[in-house]
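Below is one structure; the comments refer to it alone.
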């Protein structure tokens, strides 16, 4: 049986209080939403049956203009990754990479990723490169 929950399910963990000056104040993303669905696979076949469903959310849903920012809708394609890697190798800043790429795909809403995603990809590539032994 599988249980799929709303991303705002649960409450903020108050077991570890914030220390002064150690963390920035982020918005609270949990609101105790009970929206969920339970599904179960019947037998050895690929037939899934809905066992329980709750559709009511206790918060506003994402507007259509903001859906592109959800993690499930963000990804960097392999060709885009190659472009960003080649631009990073010649020390083009991430902000200029984003501007160039958005102009190539017809606007920032068609990029499929954010500037932060590109920045994290470049950072991960640098970390991976440091882990190689050069002889």
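Run the quick spin-label model on residue 55 and residue 100: label points 7 Å from Cα toward the beta carbon, then report their separation in nm to one decimal.
Calculated label separation equals 4.8 nm.
So how do 45-58, 78-91, 114-127 stack up, highest first, on mean other-Cβ count within 10 Å?
114-127, 78-91, 45-58
Tilt of helix 78-89 relative to the longest C-alpha principal axis of the chain, in degrees (0 to 90, nearest 10)?
40 degrees
Checking the a/c ratio against 1.5 first, then a/b against b/c, what shape does the Cα gyration tensor give for the range 66-130?
On the way: a/c = 2.11, a/b = 1.40, b/c = 1.51.
Oblate, since a/c reaches 1.5 and b/c is not below a/b.
Residue separation times 0.36 nm, minus the C-alpha to C-alpha distance between residue 82 and residue 131: what's the value? Before the final figure, lay out the partial values.
Working: separation 49, 0.36 × 49 = 17.64 nm, distance 2.01 nm.
Net length gain for the segment: 15.6 nm.
If one takes the longest principal axis of the Cα atoms in the chain, at what angle in degrees, from 0 to 90 and to the nearest 10, does the Cα axis of helix 115-130 lie?
70 degrees
Need the full-extension length gain, residue 7 to residue 116, defined as separation in residues times 0.36 nm minus the C-alpha distance. One decimal, nm.
Numbers: separation 109, 0.36 × 109 = 39.24 nm, distance 2.07 nm.
Additional length available on full extension: 37.2 nm.
No value in this document is a laboratory result; all are computed from the given coordinates. Predicted, not measured: the structure shown is a model, and the values here were computed from it. For neighbour counting, all protein chains shown are included, and Cβ atoms are generated from backbone atoms with ideal geometry for every residue, glycine included.
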